[in-house]
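Novice: Let me give you the structure first, and then I'll get to my questions.
What follows is calculated from the coordinates using simple rules that are stated; it is not laboratory data. Nothing here was measured: the structure is a model prediction, and the numbers come from that model. A quick note on method: Cβ atoms are made from the backbone with ideal geometry, for glycine too, and the neighbour counts reach across all protein chains shown.
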Amino acid sequence: MLIDHALFIPLFAIAVATFCYSCYQRLQLVAVGSPENRFDQLGVRLAGTLSFAFGQKRVLARPYGVNHFFLFWAFMLLLIANGMFLLEGLIPGAGLNRLPTPLHHGLALVFDLVSVVALASVAVALVRRLFFAPAYLENDYTSAKSGEALLILALIATLMIAFFVLNGAQIALGKGEAWQPVSALFAGGLGGLSPAALGGVAAASWWTHAVVLLLFMNLLPRSKHMHILTAIPNCFLRNLENGTVQPREEFKKGARFGVSGVDQFTWKDLLDGFSCTECGRCQDVCPAFNTGKPLNPRRVIHDVKLNVLANGASLKEGCAGQVPLIGEAGEGTVSEEALWSCTTCGACLSICPVLIEHMPKITKMRRHLVQEKAKFPEELLNLFENMEQRSNPWGIAPSERAKWLATLGERPFTPGQTEYLLFVGCAGAFDSRTKQVTVALATILDAAGVSWGILGKDEQCCGDSVRRLGNEYLFDKMARENVARFKEKGVAKVVTQCPHCFNTLKNDYRQYGLEVEVLHHSELIEQLIADRKLRLPKKASVGKTIFHDSCYLGRHNDTYEAPRQVLQAATGARPDEFGRAKENGFCCGAGGGRMWMEEQTGTRINLERVKEAVERQPDTVCVSCPYCMTMMEDGLKDVGGEGVRVRDIAEVVAEALA
Amino acid sequence: MLVISCIKQVPDTTQVKIDPVTNTLIREGIPFIVNPYDTHALEESLRLKDTYGMRTVALSMGPPNTEVTLRKACALGIDEAILLSDRCFGGADTLATSRVLSAAIERLAKREAVGIVFCGKQTIDGDTAQVGPGIATRLGFTQLTLVDRIEHIDFLKKRIRVRRKLEGRHEIVEAPLPVMITVVRELNRPRYPSVPMRLEAEDATITVWDNRVLQLDAETVGLKGSPTWVSKIFSPQRDQGEIIGDGVHDPEGTAGLLIEKLMSKDLLAV
């Protein structure tokens with residue numbers, strides 16, 4: 001007899017019990033997190049799960065992802081095979097041959113072929129890890145050649161080989177499946193053995209397969225391969241909001257602000273930790289990590305997981321954890337400098353194959369530092385005071401807000417008469433370089449006959465920087481005041497030249513009940529050109545252009561085409577692209593409040609970006625954001641690229657006006 | 001031992017305009033802030049609280065809306081905030097102001113010994129720098145002005161050693177407590193209020209002392225007690241400047257012209 005049921009059944013029971021117990025332990029740890037509803041919009045969630053998990057959409061965004069795609073689907077199909085296998089072990093007489101013949105043969109064939117695919121994928125993965133591992137697989141706590149990764153690959157390979165040897169021996173004994181061509185090859189190899197020896201080989205293979213399968217199952221919840229269990233749910237439970245928009249906080253006495261311990265994270269934040277496979281793609285695209293800052297988004301997620309593993313037991317009992325979440329960098333602890341290094345560019349969010357949310361966790365921890373500890377890089381003290389007292393980052397008198405209008409005359413927003421509120425933004429109103437962009441935009445709007453007006457000295461900062469920096473208290477005040485003013489003035493349409501104002505008004509203020517049409521100037525100009533309201537008879541003489549994506553316009557708001565279309569209309573040629581463009585665009589370094597901080601560790605993010613630009617030999621780098629403008633202009637000076645100009649798309653369009 | 005900070009609510013002067021017709025300050029719609037130098041006075045008193053556990057009191061004389069400023073002080077961690085407010089205190093010059101503040105400090109001193117009174121070196125609206133020294137004089141405290149560092153406090157011998165920031169030099173001086181110290185910006189970096197502290201401060205008690213409490217002769221306070229008054233406020237006329245050279249097309253030549261000009265006015269030493 002091939003299978004000793006009396007031996008297998010208790011073994012199986014123990015394995016399942018320990019597996020369930022491990023999963024239960026992990027789930028209990030996830031349950032330490034605070035509540036959050038991730039079960040709304042089920043249709044959208046299911047569709048996303050199909051595309052991200054089953055379609056492996058983001059895994060396939062990189063060429064090597066194909067290998068994972070095959071392995072994933074091989075796994076899905078072999079899940080049935082292994083289910084059948086376990087049934088055979090549990091119930092005497094159970095097996096494929098109990099199914100209707102066509103199905104029986106069909107499945108036998110599929111399992112046989114798919115096992116080859118799985119074995120091939122494992123071989124490719126092994127070779128890649130050992131000989132061609134990309135740099136991002138490695139970092140200070142994980143290695144491509146780590147024992148764990150190699151063990152898992154070896155176990156999968158063993159499962160496949162045992163499967164073939166088992167089936168081969170069965171075929172050689174005349175008891176096998178007819179529709180298993182690959183196993184038949186193995187049968188050929190075993191042809192010389194006696195029936196008794198074949199029986200021994202079959203039994204040994206069966207037991208090898210069984211034991212490895214149960215071992216593999218038990219390894220999952222205790223390793224990074226837990227993603228095999230959690231990745232699909234994690235895709236289903238993904239954040240459907242804009243990644244920059246964090247939940248509001250309620251400012252009442254006795255409340256906690258931000259996150260200082262893992263139990264203040266939501267359960268979904270904690271599930272993220274158990275869904276990470278440590279693939280390293282987030283690390284590969286992070287501008288902070290790539291320029292030598294102490295931030296590694298993968299490490300943040302890993303530390304959240306280590307922290308909950310270390311503190312879970314005491315947290316479940318309602319006691320404080322032993323390992324601090326924020327502090328001296330170490331296992332389970334994120335350093336403050338790492339938190340302040342984030343530009344909130346969202347590259348990590350948009351690359352993660354299983355939709356882990358790195359950046360929101362960073363903002364939540366910043367909220368704690370700023371609001372409960374009043375602890376932040378000292379440059380930010382001025383920013384916060386200026387924002388609070390004069391509602392702009394520089395602390396310039398609000399009465400200066402409309403000065404850029406000098407040559408255009410007064411243009412107040414009149415309720416009921418003016419169509420568009422031009423939300424000038426702090427840079428547009430105060431920064432001498434960006435004021436030129438504001439004038440260009442105003443000229444374009446006038447040329448197209450758009451009815452527009454400004455709030456002048458009554459305009460206040462949108463609060464983007466303070467929110468990303470974690471000063472939610474101040475943001476809350478600014479947002480409430482701005483939304484009240486918009487409502488009082490009956491604003492229905494807003495146009496901004498700054499993607500940060502744009503994103504804040506469009507997405508953040510929705511939390512404050514503001515439902516108005518917010519357009520970035522690239523979108524409005526594109527519309528005006530398409531509607532033939534804006535005619536560009538000349539071609540702007542800006543030479544060869546290259547377009548740099550703003551993170552807050554592009555990645556965070558999915559607007560990639562409008563600025564490119566606008567540039568094409570104004571110059572007659574589509575702008576050149578950076579090597580890293582659109583979804584893969586590389587941040588200028590100024591988002592997330594980094595605009596107002598020194599950048600002393602490592603190299604400068606903007607230098608990395610301008611070097612990339614200079615390699616493409618453009619005459620003009622085109623931008624659509626005041627921060628990008630500053631960072632590109634400063635960077636070009638530093639790399640000796642003075643010959644290259646930086647222009648906002650509005651300036652290019654203004655040059656093409658008659 | 002008490003450490004007291006005298007703070008003033010001032011209009012944000014970067015936003016103040018002068019009415020060209022009446023020559024008075026247009027204060028309408030101008031936000032009020034804590035006099036910036038006073039924020040350093042508050043910070044230093046809080047540091048003494050953190051280090052030595054001294055009790056901190058913030059004092060401010062002003063109209064009832066000055067409460068906002070005192071709440072900010074509470075949000076930073078001040079133990080007690082007292083508003084000195086009475087119609088008869090209004091319109092005070094620096095002499096009358098220092099009388100009211102001194103009376104309040106004397107009243108506090110009856111409860112607990114006062115060690116240090118901190119004031120900003122001056123306010124950004126009046127710019128007189130007289131109120132601090134006025135308090136020291138009225139109370140008979142040693143006055144230590146323009147302090148940029150507290151070197152040492154000896155509580156047993158009741159002495160304090162501080163560094164004064166003077167034009168081009170520093171001066172280290174020692175004095176017996178109690179003292180009145182006026183502070184410069186270099187003394188410290190003011191802290192930022194945490195949100196829990198701000199929320200606490202929203203409900204903090206702001207004690208109001210009017211003249212029924214202080215019992216000062218009404219003739220010596222406010223407008224009546226003020227020997228100085230402002231007869232006129234005006235913006236000085238500025239001569240029209242001139243544009244020399246062409247900075248766009250000839251930046252080097254223009255820079256040369258500028259240097260010549262500055263030299264001719266003896267503004268650049270060779």
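Novice: Going by average Cβ density within 10 Å per residue, which order do the peptides A:520-531, A:25-36 take, highest to lowest?
Specialist: Working: A:520-531: 21.8, A:25-36: 16.7.
Going by the mean number of other Cβ atoms within 10 Å, highest first, we get A:520-531, A:25-36.
Novice: From other protein chains only, count the Cβ atoms within 10 Å of every residue's Cβ in A:382-392, then give the mean. Display every interim value, and only then the final one.
Specialist: On the way: counts 0, 0, 2, 5, 0, 0, 4, 7, 5, 1, 0.
Mean partner shielding for this stretch: 2.
Novice: Skipping prolines and chain starts, which residues have an amide H placed within reach, meaning under 5 Å, of the one on A:Leu519, given they are 5 or more residues away or on another chain?
Specialist: A:Val494, A:Val495, A:Thr496
Novice: Among the lysines, which have Cα under 23 Å from the Cα of B:Lys157 when same-chain residues fewer than 8 positions away are ignored?
Specialist: Cα-Cα hits under 23 Å: B:Lys49, B:Lys110.
Novice: Under 27 Å from the Cα of B:Lys17, which lysines turn up, not counting those fewer than eight places away in the same chain?
Specialist: Counting by Cα, and skipping residues close in sequence, B:Lys17 has these lysines nearby: A:Lys403, A:Lys435, A:Lys457, A:Lys477, A:Lys489, B:Lys8, B:Lys72, B:Lys121, B:Lys232.
Novice: Moving on. Among A:Cys352, A:Cys20, A:Cys588, rank each residue by its count of other Cβ atoms within 10 Å, from fewest to most, as a rough exposure measure. Before the final figure, lay out each step's value.
Specialist: Values: A:Cys352 26, A:Cys20 11, A:Cys588 30.
Listed from fewest to most nearby Cβ atoms, that is A:Cys20, A:Cys352, A:Cys588.
Novice: Still on this model: For A:Tyr136, B:Tyr192, what's the fewest-to-most ordering of other Cβ within 10 Å of each Cβ?
Specialist: So the ranking, lowest neighbour count to highest, is A:Tyr136, B:Tyr192.
Novice: Describe numerically, in nm with one decimal, the distance between label points set 7 Å from Cα along Cα→Cβ at A:Asn382 and at B:Lys232.
Specialist: Calculated label separation equals 3.8 nm.
Novice: Would you order B:Lys157, A:Lys57 from fewest to most other beta-carbon atoms within 10 Å of each residue's own beta-carbon?
Specialist: On the way: B:Lys157 9, A:Lys57 16.
In order of increasing Cβ crowding within 10 Å: B:Lys157, A:Lys57.
Novice: Sorting check: for B:248-257, B:216-225, which peptide has the highest mean count of neighbouring beta carbons within 10 Å, and how do the rest follow?
Specialist: Values: B:248-257: 11.5, B:216-225: 16.4.
Going by the mean number of other Cβ atoms within 10 Å, highest first, we get B:216-225, B:248-257.
Novice: Shifting gears a bit: Which value in nm describes the separation of the simple spin-label points at A:Leu103 and B:Thr128, placed 7 Å from the Cα toward the beta carbon?
Specialist: 9.8 nm
Novice: If one computes the Cα centroid of segment A:253-319 and of segment B:105-139, what distance in Å separates the two points?
Specialist: 50 Å
Novice: Here is a further query. Averaged over peptide B:195-204, how many Cβ atoms belonging to another chain are found within 10 Å of each residue's Cβ?
Specialist: Working: counts 16, 9, 2, 4, 7, 2, 0, 2, 1, 0.
Mean number of neighbouring Cβ atoms from other chains: 4.
Novice: Hey, another quick one. On a C-alpha basis, how far is the centre of segment A:1-52 from the centre of segment A:129-173 in Å? Whole number, if you could?
Specialist: First find each Cα centre; the distance between them is then 23 Å.
Novice: Tell me, how many Å apart are the Cα centres for segment A:527-605 and for segment A:402-462?
Specialist: 21 Å
Novice: Can you give the helix-only mean residue ellipticity at 222 nm for the protein assembly as shown, where every DSSP H stretch with n ≥ 4 adds -39500 (n - 2.57) and the sum goes over all residues, rounded to the nearest 500 deg cm²/dmol? Working shown, then result.
Specialist: Values: 33 runs with 418 residues, N = 928.
One gets -14000 deg cm²/dmol as the mean residue ellipticity at 222 nm.
Novice: Output the peptides A:117-128, A:188-199, A:590-601, A:458-469 sorted from most to least packed, where packing is the average of other Cβ atoms within 10 Å over each peptide's residues.
Specialist: Working: A:117-128: 17.7, A:188-199: 13.2, A:590-601: 20.8, A:458-469: 25.3.
For the peptides A:117-128, A:188-199, A:590-601, A:458-469, the packing ranking is A:458-469, A:590-601, A:117-128, A:188-199.
Novice: Continuing with this model, one more query. List nothing, just return the count: lysine pairs in segment A:501-656, 8 or more apart or interchain, with Cα separation under 26 Å.
Specialist: So the count works out to 9.
Novice: Across peptide B:186-194, what mean number of C-beta atoms from other chains lies inside 10 Å of a residue's C-beta? Mind dumping the intermediate values first?
Specialist: Working: counts 0, 0, 0, 2, 2, 3, 13, 5, 8.
Across the residues of B:186-194, the mean count of other-chain Cβ atoms within 10 Å is 4.
Novice: I would also like to ask the following. Considering amide H positions built from the backbone, and no H for Pro or chain starts, which residues 5 or more places from A:Thr266, or on another chain, come under 5 Å of its amide H?
Specialist: A:Ser34
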